[in-house]
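Below: one structure, written as structure tokens.
The values are calculated or read from the model by the stated rules, or taken from the named source; none is laboratory data. Quick caveat, the model's predicted, so the values are computed rather than measured. Because the Cβ atoms are built from the backbone with ideal geometry, glycine has one as well, and the counts that use them run over all protein chains shown.
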Amino acid sequence: MQDMSSGDATNGIVPLAPASAARIQLAPGAVVSAIVRRAAAAAVLLPALACVAGGSDVDAGPADVAGEAEATSDAGDAGPDRACGPARLGIRPVLYLPSDASLSAAEEGRAVDLLARHLELGRTHFSELLVADTFCVEQPIVHRSPRTATEYQAAASPDSAHLMAASLLEAAGQDRNGSRDVFVAVFVRPPDLPCGGERPCLGGGRTFNGYPGTGGGIVQLEITSLLADVPYPFQSTLVHELGHAFGLVHSDCYGEDLALGRSIMSYNPEHWSVGLERSATPGTLLPEEYFLLDGNALAFPSFGYEAAVHNPTGRPLVGIDGTCELAPMDASLGPLARAGYELFFDGVRVSGPDAQFYTRGQARESCAWNVANQPAGIAILCLFDGARIGGR
Ligand SMILES: [Zn+2]
């Protein structure tokens, strides 16, 4: 099972409500009581966070064991260039090889070529939907990780998405905040470790830092899907996961039926592709999704939401206030530069470190709860990324 605040697990059948896991632990009002509990837990949590931050151990990646080989990415002699420029989000195709998986040079070449063709097709799809703009694609890389496929398979906290993202960022010399890459990582397995059954297949997408326009992200896909559409159709899944990596959640958050929706962010089988053949009825975008992609100027610098074009029936948009939003990836990926949610009582910050990883919707919910339930004599201030979102 993937992190609940990410995109999809397995073949796209498991409906993963955006940020639902976080919502469970973040019932309104939990912020303050969690602080008390966190005082005891801090002794455990803080050393781990300090390690993530790097400290003096410059060579060790966030989750690497000392003495392990470093991850490397082959990007030809030129290294991981930036065809998309330093400021624009670039989609980075990655063939992701655990230490116990290998492909011949010819197989690697074929896989990288096929991935590039799929990205071009996905780019065409977004281009048709947005008309004005589409995303930029970087040169592919082959990433060799010191971890085994079994380690990724067994990873729970941090999960495989966090481990893979950390390894890719390290090899690229980037951090979560400054990265402008969406890594589309196609996971290669050793022949004796196929996914399925006891071994859930990787499949998902998310942003490193939260809502649209906050930087890079990661998409995880299985190589069997790339080569044979097993266990899920590659092209249509790629488009869906890229949507997550651009900051979109599932379309049921906007009221669509996931099984029947017209959005690329639904699970409608009528959108499914076969190889490089797109469905005759590919997914589209909802008004809310157009609106949110307009907010991702790093990915789509010249796309602009126009109500008359993107919401011709003029229906009220739902969930664009942060309710339908992916949470940032957790602290195992390194410190988050954004302030996120902060709650103050009488001028004193009472929110714990977890609050930084709230979505805007969760922050509003917590703020409203505290305003309604804290004793009247307490002055309350709620900030999100430094801006006031509520209080009294
Ligand atoms: Zn999804």
Legend entry - First in region 284-313 and in the same structural domain as Ile218 (by TED's automatic domain parsing), second anywhere and surrounded by 13 or more Cβ atoms within 10 Å (Cβ to Cβ) and assigned to a strand (DSSP E or B), Cβ under 6 Å, 6 or more apart: Leu286/Ser263
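Given Leu221, Leu226, Leu248, which one is in contact with a strand residue (DSSP E or B) (Cβ under 9 Å, 6 or more places away or on another chain), in a strand (DSSP E or B), of a type in the set (A, V, I, L, M, F, W, C) and assigned by TED's automatic domain parsing to the domain that holds Thr124?
Result of the check over Leu221, Leu226, Leu248: Leu221.
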Inset, instruction - Look at Ser157 and say whether it is of a type outside the set (Phe, Trp, Tyr) and at pLDDT below 95. - result: yes
Legend entry - Number of positions in region 256-295 that are touching a Phe, Trp or Tyr at 6+ places or on another chain (Cβ under 7 Å), assigned to a loop (DSSP other than H, G, I, E, B) and surrounded by fewer than 21 Cβ atoms within 10 Å (Cβ to Cβ): 3
Inset, instruction - Please find, among Leu169, Leu163, Leu202, the residue that is of a type in the set (A, V, I, L, M), assigned by TED's automatic domain parsing to the domain that holds Gln220, surrounded by 21 or more Cβ atoms within 10 Å (Cβ to Cβ) and assigned to a loop (DSSP other than H, G, I, E, B). - result: Leu202
Legend entry - Subset of region 316-354 (residues that are under 23 Å from Ala372 (Cβ atoms), surrounded by fewer than 20 Cβ atoms within 10 Å (Cβ to Cβ) and over 23 Å from the mean Cα position of the chain (by Cα)): Phe344, Phe345, Asp346, Gly347, Val348, Arg349, Val350
Inset, instruction - Would you mind stating whether Gly243 is within 13 Å of the ligand (Cβ to nearest atom) and farther than 21 Å from Arg147 by Cβ? - result: yes
Legend entry - Which numbered condition Leu227 misses (of (1) surrounded by fewer than 24 Cβ atoms within 10 Å (Cβ to Cβ); (2) touching a Gly at 6+ places or on another chain (Cβ under 7 Å)): (2)
Legend entry - Tabulated pairs, region 147-172, first without any contact (Cβ under 8 Å) to a residue 24 or more places away in the chain, second hydrophobic (A, V, I, L, M, F, W, C), C-beta under 8 angstrom, 6+ apart or interchain: Ala155/Leu163
Inset, instruction - Scan region 254-271 residue by residue and report those that are more than 11 Å from the ligand (Cβ to nearest atom), within 24 Å of Gly210 (Cβ to Cβ) and not aromatic (Phe, Trp, Tyr). - result: Gly255, Glu256, Gly261
